[in-house]
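Reading through the structure tokens given below for one structure.
The values are calculated or read from the model by the stated rules, or taken from the named source; none is laboratory data. Please read these numbers as outputs of a predicted model, since none were measured by experiment. Cβ: placed from backbone, ideal geometry, glycine included. Neighbour counts: every protein chain shown. SASA here: full protein model, heavy atoms, side chains in, ligands and nucleic acids out. Shrake-Rupley method; radii C 1.70, N 1.55, O 1.52, S 1.80 Å.
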Amino acid sequence: MNLILIADCPENAQVFLRAAAQAGYRILKLIGVKDDVCRHVESLCPDALIIVSETINNGLLGEMQSISRRRPTPVLVFTHDAQPDAIDAAVNAGATAYIVDCNDASRLGALLEVARVRFTGQQRLKNELLQTRNALKERKRIEKAKGIIMQTKRVNEDQAYNAIRKLAMNHNKRMGEIAEQIISASEVLV
């Protein structure tokens, strides 16, 4: 597993560098919390990020949010900040695991595996949600197109649906695409 280690000071990083090496992980880069983390993640494509910092500041939260949007990656945060607001902000910004007051880096392998599994589950749920939203939008477009056909052609709902379905099959397109074309055409004609 290839990692990027982000640390607020070199002393804090050394324990994790050794633990990663002993566990067989490869540290692609050690960077500071004020460096352009997102740029390094995009260029190096790590399997996970480890953040070691006394506190998680707004700059680091912003970097985590950017990573979460642009190149989602499991993020482990090791910190001394046990404030509920800090934990909430870090998790909402993309932290997969938030470990407080853990100086025992020997658990790094297990923690990375938990973070990877949790991250994979979160990504699957996000993808399912996106697919569901898209299917709902497409269904709404089909319903609107059916209404347009029913009104203009004076046919019933089944006939309108079958007309859209037949057009989709004849043109080798999804029904949602045909529905969008019908809606666009009706807007031009009105």
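Taking the conditions (1) surrounded by fewer than 11 Cβ atoms within 10 Å (Cβ to Cβ); (2) under 21 Å from T132 (Cβ atoms) in turn, D158 satisfies each one other than (2).
Taking the stated definitions as given, is E113 within 30 Å of N12 (Cβ to Cβ), within 31 Å of the chain's Cα centre (by Cα) and of a type in the set (D, E, K, R)? Answer is yes for this residue. Can you name every residue in segment 144-160 that is assigned to a helix (DSSP H, G or I) and farther than 19 Å from S184 by Cβ? Once the filter is applied, which keeps residues that are assigned to a helix (DSSP H, G or I) and farther than 19 Å from S184 by Cβ, segment 144-160 yields E157, D158, Q159. Tally the residues that are open to solvent by 20 Å² or more (accessible area, probe 1.4 Å), without any contact (Cβ under 8 Å) to a residue 40 or more places away in the chain, hydrophobic (A, V, I, L, M, F, W, C) and out of contact with any Asp or Glu (no Cβ under 6 Å at 6 or more places or on another chain), restricting the search to segment 14-44. Selection size over segment 14-44: 5.
Of everything listed in (1) closer than 22 Å to F16 by Cα; (2) surrounded by fewer than 21 Cβ atoms within 10 Å (Cβ to Cβ); (3) modelled with pLDDT of 90 or more; (4) over 15 Å from the mean Cα position of the chain (by Cα), the single unmet condition for A89 is (1).
Only one of the numbered conditions (1) surrounded by 11 or more Cβ atoms within 10 Å (Cβ to Cβ); (2) assigned to a helix (DSSP H, G or I); (3) not hydrophobic (A, V, I, L, M, F, W, C) is not met by Y98, and that is (2). Screening the candidates K140, K146, K126 for the property of being of a type outside the set (D, E), farther than 23 Å from I56 by Cα, over 19 Å from the mean Cα position of the chain (by Cα) and surrounded by fewer than 19 Cβ atoms within 10 Å (Cβ to Cβ) yields one hit, K140. Apart from one condition, T73 fits all of (1) outside any strand (DSSP E or B); (2) over 15 Å from the mean Cα position of the chain (by Cα); (3) touching a residue at least 40 places away in the same chain (Cβ under 8 Å); the exception is (2).
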